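Scroll down for the structure; my scribbles are underneath it.
The values are calculated or read from the model by the stated rules, or taken from the named source; none is laboratory data. Because the structure is a prediction, the values reported are computed rather than measured. Glycine also receives a Cβ, built like all others from the backbone with ideal geometry; neighbour counts cover every protein chain displayed. For the accessible areas, the whole protein counts, side chains as well, though only heavy atoms, and no ligand, DNA or RNA atoms are used. Shrake-Rupley method; radii C 1.70, N 1.55, O 1.52, S 1.80 Å.
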Amino acid sequence: SIHGHVKVPKSYNKDGLAPWVGSTRNQYRLFLEGKSSTLNEEKIQKLNQVGFVFLAGKRIDPKERKTWEERFQELREFSQEHGHARVPQSKPGLGTWVSQQRKYHKRIKSGQRAPLTAEQILRLQDIGFVFDATQYRNGGS
C-alpha cells in the first residue's frame, strides 16, 4: 500500500516485480485465447481482488486502465443515475468494458474460458446488468 495502487509500470524493477507483472499479463492473454496458461479462474479472481491491472501498455488508452472493481463501481453509478445498467457501447471506457463483460459471459455459457468469475456475474446481476442486450439494440426498451 506504499503507492496506493497496483498498477505496476514496466520501469519498476524492484524485486523483479515488473517482469512478474509482464509475465502474468502474458499468461492472462493466453488464458483468454484458450491456450495453455499458468493462470486459472481462481488466480485471476485473487488478482482482481487486489486490483491487478491485466490490460495495460501503449495499445490501451490510459482512460481504459481501470480494474474490474473500478469499472463495476462506475457501472453502479451509471445504473443509479439512469435507472438501468444498459450502458451504450459508444460511451467511452465503460461502454467497452460492458461489452467485454457480455462477451466473457457468452464464452462461459458456451463452455469456454473467460476471466469473469461466478461472483462477478452475481454482482452484475444484482445491479440489473443485462448480459444479452440484443433486445435493446436499435432503440428497443
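A few points about this structure:
- The range 83-100: number of residues that are loosely packed, with under 14 Cβ neighbours inside 10 Å and in contact (Cβ under 8 Å) with a residue 24 or more places away in the chain: 1
- Listed by first and then second residue, the pairs linking a residue in the range 109-121 that is small (Gly, Ala, Ser) to a residue that is at pLDDT below 95 and open to solvent by 70 Å² or more (accessible area, probe 1.4 Å), with Cβ atoms under 8 Å apart and 6 or more places separating them unless they lie on different chains, are ALA114/LYS103; ALA114/ARG107.
- Selection from the range 101-140 of residues that are closer than 14 Å to SER79 by Cβ, open to solvent by 60 Å² or more (accessible area, probe 1.4 Å) and more than 15 Å from the chain's Cα centre (by Cα): GLN125, ASP126
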